[in-house]
Structures are given as structure tokens and as C-alpha cells.
Amino acid sequence: MKNKKKLYEGKAKILYKGSEPDTLIQYFKDDATAFNNKKKGQIPGKGVLNNFISELIMTRLKEINVPTHFLRRLNMREQLVKKLEIIPIEVVVRNIATGSLVKRLGIEEGKVLSRPIIEFYLKDDNLNDPIISEEHIIVFDWASPNELEEIISLSSRINDFLTGYFFSINIRLVDFKLEFGRFWKSDEASILLADEISPDNCRLWDLKTNKKLDKDRFRQNLGEVDKAYKEVAYRLGVLSEKEFKKVIKNDL
Ligand code: ADP
Ligand code: TMP
Ligand code: ASP
């Protein structure tokens, strides 16, 4: 589609008006940010890899009846999604203690949790995405009690499924962040999984070596960032090395 109408440009993606009613195009950039935009950089090919990885994961989730915004991939960097009213909460699911959990609570790095923890953060860059409780969500009307129940239930199902899925390709799903939104039909809203699931918003460790295969390589200056994203894509089977090279040559 030529001359698409740009609706929003975020840190990692651009949203354009979709070709069909109630749709958007998500364009995946190579830009990477960390620490609320304080660290900025580029990961060559990241946009292409995340577009393919997120397509695969959203498709698998749809197959187990997790409702998602994903409609179809349009090209190397774009996918068509249902336009949602985003719920301003970042849902973080944790299986292993690391990151802000370890910093905030002094928990031992790498501790396998006795059960997954679900946390909520307010999606507000000006406030640095503060951690919030279920009470805050209800009292400040960010989601209704029924919506919150649905979000927790879906997050838990997604974690159970993805933990096994990544395990099958020798990757430990350490933690990840989800976003949800409301899809309005007449006067009724249903909750759908939004945004993306990719090494940008998951922590993925190699099962045998614990090598980080995600955006922590960028956050912590560990090097070989693009190589890690490619490794995840290749193990998931969404692209082979040969296909990726061809794709990058003919990039948009
Ligand atoms: P950010 O806004 O944090 O910089 P991105 O660069 O990834 O993040 O931008 C993508 C934006 O699109 C996010 O703000 C996300 O909440 C929003 N979004 C994701 N999926 C949908 C959707 N289906 N409908 C509307 N907005 C969406
Ligand atoms: P944290 O340990 O820094 O709180 O991160 C938890 C998970 O959420 C981790 O998989 C990275 C992801 N995440 C995002 O996707 N976006 C963010 O802005 C932050 C802070 C974390
Ligand atoms: N949301 C963070 C940022 O805005 C990125 C991250 O750490 O994942 O820079």
C-alpha cells in the first residue's frame, strides 16, 4: 500500500492506518532503546526478525484459542493487525528471577521461581512505567475486574504454552512482557493480545549454557546482539540463514 497514513511512531515500531476497516499496519524498525529511551541504538535486521518471530508466536497462540490482534504478515517488516484500544498496562510474567525483580527485592539472580509471578506496570514513559497492583488497576479504571481476570488468565496460558514451546528448541523462557487491548464490536469489547512477542520483550536463555539470546545483550552491552536474534529465529524455524540474507538484500 503506497502513501500509508502514519498514525504513531514508537521506539521500536511505526503504526500506519490499515487497508481494511479497524486495522493497523505495524512496521518493525531496527531501532532499539533501553532504560526508557536513555540508551538508543540499532540492531541490524531486528525489525525483520521480530516481524517473523512475532508472526509465528501469535499464529501458534491463535491455534490454542488465545485471541490476538494478529491478522497476517504483509511483507518483511509489516504486519496487519486489528486496531485495539490499548489497556495502559504492561503485564510481566516471570519464571526465573532476574532484571528489575532482582534489583528491587534482592532476590538471588537466576532463582527458579516456585510458581510464575505476574506483575503489572503502568504504561507511561513520563512516569518510567512504575510497578502497580491489581488494586490500582481497578480503582483507577485502567481495566475492569472482569478484564483483569481475563488478562491474568490469558497471560498464564501464554506462559504455560510458550515455556514448553521454547523448551523444545532448547531455550529457557525466563520472563516476558505482554500488552492487551480492547476490540470493540457494537457496544461490546473483547480482550485481545496486542503488540509483539519477540526477543525485544522476552528474556530467552540457552538451556545448556544460559547464554542470553534477547535484548539484554543490547541493554548490557554484551555484543553479538543481532546474532542472538537470528539464533532465536533460526531455532524457531521462521527463517533460515540463507533466507534471512536474501530478505535483507531485498529489504523495503
Ligand atoms: P512504544 O510505544 O512503547 O515506543 P512501539 O515502538 O513498539 O512501543 O510502538 C508500538 C505501539 O503500538 C505501542 O505503544 C503499543 O501499545 C501499540 N499497539 C500494539 N498493538 C496495537 C494494536 N493492535 N492496536 C493499537 N495499538 C497497538
Ligand atoms: P524487567 O526485569 O526489566 O522488569 O523486565 C521484565 C521483562 O519485561 C523482560 O522480559 C523485558 C521486558 N520489558 C519490556 O518488554 N519492556 C520494558 O520496558 C521493560 C522494562 C521490560
Ligand atoms: N521500554 C524500554 C525503553 O523504552 C525498553 C526496554 O528496556 O525493553 O527504552
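Here are the criteria: (1) in a loop (DSSP other than H, G, I, E, B); (2) surrounded by 16 or more Cβ atoms within 10 Å (Cβ to Cβ). Tell me which single one Y165 does not satisfy.
Here Y165 clears every test but (1).
Condition first: closer than 30 Å to N75 by Cα and either hydrophobic (A, V, I, L, M, F, W, C) or touching a Phe, Trp or Tyr at 6+ places or on another chain (Cβ under 6 Å) (or both). Can you find one or more residues in region 134-146 that meet it?
no
Yes or no, residue by residue, for (1) part of a helix (DSSP H, G or I); (2) crowded, with 21+ Cβ neighbours inside 10 Å:
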| position | (1), (2) |
| --- | --- |
| Y8 | no, no |
| E20 | no, no |
| Q26 | no, yes |
| S54 | yes, yes |
| L101 | yes, no |
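Taking the stated definitions as given, is L236 within 16 Å of ligand 2 (Cβ to nearest atom), surrounded by 13 or more Cβ atoms within 10 Å (Cβ to Cβ) and either without any contact (Cβ under 8 Å) to a residue 24 or more places away in the chain or not acidic (D, E) (or both)?
No, not satisfied.
Those residues that are within 16 Å of ligand 1 (Cβ to nearest atom) and loosely packed, with under 12 Cβ neighbours inside 10 Å, I need them from region 206-225; list them, please.
none
What tally of residues in region 28-52 results from selecting those that are at negative phi and either basic (K, R) or assigned to a loop (DSSP other than H, G, I, E, B) (or both)?
Within region 28-52, residues that are at negative phi and either basic (K, R) or assigned to a loop (DSSP other than H, G, I, E, B) (or both) number 8.
Among the residues of region 188-196, is any over 19 Å from F120 (Cβ atoms) and away from ligand 1 (no atom under 15 Å from the Cβ)?
Yes, region 188-196 contains a residue that is over 19 Å from F120 (Cβ atoms) and away from ligand 1 (no atom under 15 Å from the Cβ).
Tell me the residue from I107, I14 that is open to solvent by 10 Å² or more (accessible area, probe 1.4 Å) and part of a loop (DSSP other than H, G, I, E, B), please.
Criteria check complete, one pass: I107.
Kindly list the number of the only condition in (1) open to solvent by 50 Å² or more (accessible area, probe 1.4 Å); (2) under 20 Å from S54 (Cβ atoms) that fails for K245.
Going through (1) open to solvent by 50 Å² or more (accessible area, probe 1.4 Å); (2) under 20 Å from S54 (Cβ atoms) one by one, K245 breaks only (2).
Is it the case that some residue within region 30-42 is away from ligand 3 (no atom under 16 Å from the Cβ) and either open to solvent by 40 Å² or more (accessible area, probe 1.4 Å) or at pLDDT 95 or above (or both)?
No, that holds for no residue.
Which pairs do you get when a residue that is over 24 Å from M76 (Cβ atoms), found in region 14-40, comes within reach of a residue that is of a type in the set (F, W, Y) and within 16 Å of ligand 3 (Cβ to nearest atom), reach meaning Cβ atoms under 7 angstrom, with the pair 6+ apart or on two chains?
A34/F218
When K208 is evaluated against the numbered criteria (1) of a type outside the set (V, I, T); (2) over 17 Å from F120 (Cα atoms); (3) touching a helix residue (DSSP H, G or I) at 6+ places or on another chain (Cβ under 8 Å), which criterion, by number, is the only one it fails?
Going through (1) of a type outside the set (V, I, T); (2) over 17 Å from F120 (Cα atoms); (3) touching a helix residue (DSSP H, G or I) at 6+ places or on another chain (Cβ under 8 Å) one by one, K208 breaks only (3).
Tally time: how many residues in region 171-211 are at positive phi and within 13 Å of ligand 3 (Cβ to nearest atom)?
Summing the residues that are at positive phi and within 13 Å of ligand 3 (Cβ to nearest atom) in region 171-211 gives 1.
Checking K82 against (1) at pLDDT 95 or above; (2) open to solvent by 30 Å² or more (accessible area, probe 1.4 Å); (3) touching a helix residue (DSSP H, G or I) at 6+ places or on another chain (Cβ under 8 Å): exactly one of these is not met. Which one?
Of everything listed in (1) at pLDDT 95 or above; (2) open to solvent by 30 Å² or more (accessible area, probe 1.4 Å); (3) touching a helix residue (DSSP H, G or I) at 6+ places or on another chain (Cβ under 8 Å), K82 misses just condition (3).
What number of residues in region 172-191 are surrounded by 19 or more Cβ atoms within 10 Å (Cβ to Cβ) and hydrophobic (A, V, I, L, M, F, W, C)?
Total satisfying the criteria: 6.
The values are calculated or read from the model by the stated rules, or taken from the named source; none is laboratory data. From a predicted model like this one, the values you see are computed outputs, not experimental measurements. Positions of Cβ are generated from backbone atoms using ideal geometry, with glycine treated the same way; all protein chains shown enter the neighbour counts. SASA here: full protein model, heavy atoms, side chains in, ligands and nucleic acids out. Shrake-Rupley method; radii C 1.70, N 1.55, O 1.52, S 1.80 Å.
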